[in-house]
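Encoded as structure tokens, the structure appears first; notes follow it.
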Amino acid sequence: MKIKNLSLICGAIALSLTTTSFAVKAEANSSLPLVVAQSQQKEGPFQRLGLTDDQKAKIKEIRTNTRTEVDKILTEQQREQLKTARQNRQGKGAFAALNLSDDQKNQLKQVMQSQKTQIEALLTPDQKQQLQKYRQEKGARRQ
């Protein structure tokens, strides 16, 4: 009887040790696609263009100015909603939930177009071509 109980306890310990290692391995593997996906998300069109340090600095400045302009257009409540959406990584879909007025939509469209024009003015012809190619590929993936 004691041997039977002892063998059951040893079996239970062996089983728990085995399943624990599998669980740890599964958890490590399950987070791997998330890490890969996150690293791929950060690789936008500008990372592929081989930008100079000067271009990167100017683009960062343009984006900062754009964000300031966007904040001026939005109400305090909309700014808070957008901040929360950015923290939750909702992306561009976050603007859809802001209930923007037509005037705000037009102003935002102008600000974003201005940002696009300013950034494209910094690029070399080859970089512009690469950016255009990236945008076409991205559009084809959406369809």
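Details
- First in the stretch 99-121 and more than 15 Å from LYS72 (Cβ to Cβ), second anywhere and in a helix (DSSP H, G or I) and among the small types (Gly, Ala, Ser), Cβ under 8 Å, 6 or more apart: none
- Positions within the stretch 98-143 being part of a helix (DSSP H, G or I), surrounded by 13 or more Cβ atoms within 10 Å (Cβ to Cβ) and of a type in the set (A, V, I, L, M), in sequence order: LEU98, LEU108, VAL111, MET112, ILE119, LEU122, LEU131
- When residues of the stretch 69-97 are limited to those that are exposed (fewer than 11 other Cβ atoms within 10 Å of the Cβ) and part of a helix (DSSP H, G or I), the one nearest to the chain's Cα centre (by Cα): GLY91
Quick note: the coordinates plus some simple rules give every number you see, no bench work behind them. Just so it is clear, the structure is predicted and the values come from calculations on it, not from any experiment. In this analysis, Cβ positions are derived from the backbone assuming ideal geometry, glycine residues included, and neighbour counts consider all displayed protein chains.
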